[in-house]
Amino acid sequence: MRVVIAEDSVLLRAGVERLLADEGIETVAAVGDGPGLLTALDEHRPDLAIVDVRMPPTFRDEGLRAALEARKRFPGTSVLVLSQYVEEHYAIELIGSGAAGVGYLLKERVADVADFVDAVQRVADGGTSIDPEVISQLLGRRRNPLDALTPRELEVLGLMAEGRSNTAIARGLVVSDGAVEKHIGNIFAKLNLEPTSDEHRRVRAVLTYLSHS
């Protein structure tokens, strides 16, 4: 696996690079700002970008903006975001850019080497890894809402969580696109997801699935 790291803290950047090297993962570039990330991705086309949310010059959301831009410029780029705190808006925006190959972890998770490496591998392979604390704050702690779904609806929601489109879900389940749309409508209703944009409700449904499955 080949990785690009975007982190302004030299110490943390070196630490992550060493940790990955110990697991046989190659860091092809390590940069300290958003423009550097985009340049490195264009040059190396890695399997994964590990990105800090807050980087120079304002230390607000430069890293996340660069990550979102990277996913537009280089479709299929897997991104694992590291953040010091739970940034709810940022988490939703990142996941909303496409559920496949995205992760959002608190930096404290890096200390748990096994969990961190597992997240790196999962996101690089096109999966999703969302920090439990992020999910907790986004959704709150409550009874399992997935109990209201039928087995088929759960299956559809699981495929949504993998980042598959409606057409891909229909093809995989050997049903019509209309049947998938009906299942998704039922999922939204049963999870009490208020009508806003379908994309936003899709993100919330996936977050619910990840936090309770």
Residue by residue through the stretch 172-213, note down the ones that are not hydroxyl-bearing (Ser, Thr, Tyr) and not in a helix (DSSP H, G or I).
-> Val174, Val175, Leu191, Asn192, Leu193, Glu194, Pro195
Can you name every residue in the stretch 30-51 that is open to solvent by less than 10 Å² (accessible area, probe 1.4 Å) and either without any contact (Cβ under 8 Å) to a residue 40 or more places away in the chain or over 15 Å from Ser129 (Cα atoms) (or both)?
-> Gly34, Leu37, Ala40, Leu41
Residues of the stretch 18-43 that turn out to be part of a helix (DSSP H, G or I) and more than 21 Å from Glu62 (Cα to Cα), as a count | 5
Of the residues that sit in the stretch 121-161 and are assigned to a loop (DSSP other than H, G, I, E, B) and surrounded by 13 or more Cβ atoms within 10 Å (Cβ to Cβ), which one is modelled with the lowest pLDDT?
-> Asp131
Do we find a residue being modelled with pLDDT of 90 or more and exposed (fewer than 15 other Cβ atoms within 10 Å of the Cβ) anywhere in the stretch 188-209?
-> no
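The values are calculated or read from the model by the stated rules, or taken from the named source; none is laboratory data. Because the structure is predicted, anything quoted here is derived from the model rather than measured. All Cβ positions, glycine included, derive from the backbone under ideal geometry; neighbour counts span all protein chains shown. In case anyone asks, the SASA skips ligands and DNA or RNA and just uses the protein heavy atoms, side chains included. Shrake-Rupley method; radii C 1.70, N 1.55, O 1.52, S 1.80 Å.
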